1. If you go through segment 31-44, how many residues are in contact with a strand residue (DSSP E or B) (Cβ under 8 Å, 6 or more places away or on another chain) and surrounded by 12 or more Cβ atoms within 10 Å (Cβ to Cβ)?
2. Is there any pair with a first residue in segment 75-96 that is in contact (Cβ under 8 Å) with a residue 40 or more places away in the chain and a second that is surrounded by fewer than 16 Cβ atoms within 10 Å (Cβ to Cβ) whose Cβ atoms are under 6 Å apart and which are 6 or more apart or on different chains, and what are they?
3. Can you tell me which residue is nearest to the chain's Cα centre (by Cα) among those in segment 69-108 that are among the aliphatic types (A, V, I, L, M) and closer than 23 Å to Glu142 by Cβ?
4. Considering only segment 114-144, how many residues are free of Cβ contacts under 8 Å to residues at least 24 places away in the same chain and in contact with a Gly (Cβ under 8 Å, 6 or more places away or on another chain)?
5. Can you pull out every residue in segment 96-145 that is in contact with a Ser or Thr (Cβ under 8 Å, 6 or more places away or on another chain) and among the acidic types (Asp, Glu)?
6. Among the residues of segment 7-30 satisfying the criterion of being touching a Phe, Trp or Tyr at 6+ places or on another chain (Cβ under 9 Å) and within 18 Å of Arg75 (Cβ to Cβ), which is modelled with the lowest pLDDT?
Amino acid sequence: MNMEQIIDAVHALPGSLVLAPGPGSEFPEVAWGDSFFYYAPDGRVPTNTQPYATIVTKDYPDDSASHLDQAGRWRLNVHVGRSRFTELTGETPGDLTRDRDFSAPDVVLPHPVYSSLGWIAIVNPADATGALALDLVRAAHEAAAARRRRRRRRLTTPGPHRSRTGTG
């Protein structure tokens, strides 16, 4: 499996937006070459939510455990939530007890930085994790769509509203 296959699969999902910063964009150079996946049926990058999955192609200053600066290495990161995270890793987000090699390819791992938030990571998904990786991305996309639907219903449903002070 390669990055383009994952990106193409995300493009095929209804309401998907793939943000791929590059030279000349308004995004910082550190993000160039990476991809950020959003549920955004209006085609605009959401301002109040994080992507549901990303592909990173290099080490970041606070995230180098996957050794992505080595040629040909990249990592898929997916928000899977607490229960799926535990199912996939055998541990609870925020309570990792086992030592692991975050650079191991084709293995589902807790995200080296965001595992406490229910994120997993797969370096160079291939035979062992490729199909699962696509399933996880599709599920994360649907979860993002469901969150947006709930948020929109809340905003459009009449009902009592609290004042800014929370007292009335």
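The values are calculated or read from the model by the stated rules, or taken from the named source; none is laboratory data. Quick caveat, the model's predicted, so the values are computed rather than measured. Here the Cβ is made from the backbone with ideal geometry for all residues, glycine too, and neighbour counts use every protein chain on show.
1. Residues flagged as in contact with a strand residue (DSSP E or B) (Cβ under 8 Å, 6 or more places away or on another chain) and surrounded by 12 or more Cβ atoms within 10 Å (Cβ to Cβ) within segment 31-44 amount to 7.
2. From residues that are in contact (Cβ under 8 Å) with a residue 40 or more places away in the chain, there are no pairs.
3. Only one residue fits best here, namely Val78.
4. Qualifying residue count for the region: 1.
5. Asp106, the sole residue that qualifies.
6. Taking the candidates together, the pick is Val30.
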